[in-house]
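Just below is one structure, and these are the notes that go with it.
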Amino acid sequence: MKEQLATYLKEKVLGKILRTDDVIYLLDEGKLKDVYSDQMMFSDVVLTENGLHFNMTTIAKERVYFLDEKGEHVGIKKDYTGTSVFHYELAKRKSTREFTGYMRMISTTTIAPEMDAVVQGVYDVKLEDNELRWKEQQLLYRDMPSTDGNFHPVAFDANARFYMEEGKLRFEYIPFYYDVNPESMARELSADKLPAFIAKEI
């Protein structure tokens, strides 16, 4: 199956530029607003003995704003604008014949990035019906901006997939956002809800 995965990526994904239009959502009980957009490209598909590697590059514009009582911007909490490269590495497990692996950031121009030293486990990889799907589960926790306490520990899991729509490539990323107790590592779904991110071939 690793050859089929590589073929899908090479024939349908590599060389395409995908764009995510503005995604806007509230954080910290409506005290902060996150505005995110990006362009992304996938590259460097390499077959290994047991699986494959590939990279994802994002050119992102993201700012988190403080909001006043009227919902107006009153300052910037954090600017995450920058270019980042994320590395995916998958291998087939002999015990289950399933592909698992990880994703992590390997390079960025973002100042003080929250994805530094964060690893996403990748599992449930499926290639069927002209779609490539997988799930991600974050190890431990990362930081999320807040007003009280400045930052707080959170984790993001996600469902991701490539699919075709009207002859164009789409990349869908549906996050599941958790507050994390840093002592017990117990998770609880956050009261803040994040929307789906959908990047469309330009």
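Can you list the HN-Hα couplings for region 110-123, worked out from phi with the Karplus curve (6.51, -1.76, 1.60; θ = phi - 60°), rounded to whole Hz and with x for Gly and Pro?
Taking θ as phi minus 60°, the curve returns 5, 6, 6, x, 7, 8, 5, 6, 10, 10, 9, x, 10, 7 Hz for region 110-123.
Once every DSSP H run of n ≥ 4 in the chain is given -39500 (n - 2.57) and the sum is divided by its residues, what mean residue ellipticity at 222 nm do you get, rounded to the nearest 500 deg cm²/dmol?
-1000 deg cm²/dmol
Per residue, how much accessible area does region 1-201 have with a 1.4 Å probe, in Å²?
On a per-residue basis, 53 Å².
Subtracting the Cα-Cα distance from 0.36 nm times the residue separation, let me have the gained length for Arg133 to Asp116 in nm, one decimal.
Here the segment from Arg133 to Asp116 would lengthen by 3.6 nm.
Between Arg170 and Tyr123, what is the label-to-label distance in nm when each label sits 7 Å out along the Cα-to-Cβ direction?
About 2.7 nm, to one decimal.
I need to check one value: relative contact order of region 1-201, counting alpha carbon pairs closer than 8 Å and at least 6 residues apart, in percent.
Computed over region 1-201, the figure is 16 percent.
For the chain, what are Rg and Dmax over the alpha carbons, in angstrom?
Over the chain's Cα set, Rg and Dmax evaluate to 17.6, 57 Å.
State which entries of Lys33/Lys135; Lys31/Lys78; Lys135/Lys168 exceed 20 angstrom in Cα-Cα distance in the structure shown.
Over 20 Å Cα-Cα: Lys33/Lys135; Lys135/Lys168.
Size of the dipole of the chain about the Cα centre, Lys and Arg at +1 and Asp and Glu at -1 on the beta carbon, nothing else charged, in debye to 20?
Result for the chain is approximately 700 debye, rounded to the nearest 20.
The values are calculated or read from the model by the stated rules, or taken from the named source; none is laboratory data. All values derive from a computational prediction rather than experimental measurement. Heads up, the Cβs are rebuilt from the backbone with ideal geometry, glycines too, and the neighbour counts pull from every protein chain shown. When the accessible area is computed, the model is the full protein with side chains, heavy atoms only, and any ligands, DNA or RNA have been set aside. Shrake-Rupley method; radii C 1.70, N 1.55, O 1.52, S 1.80 Å.
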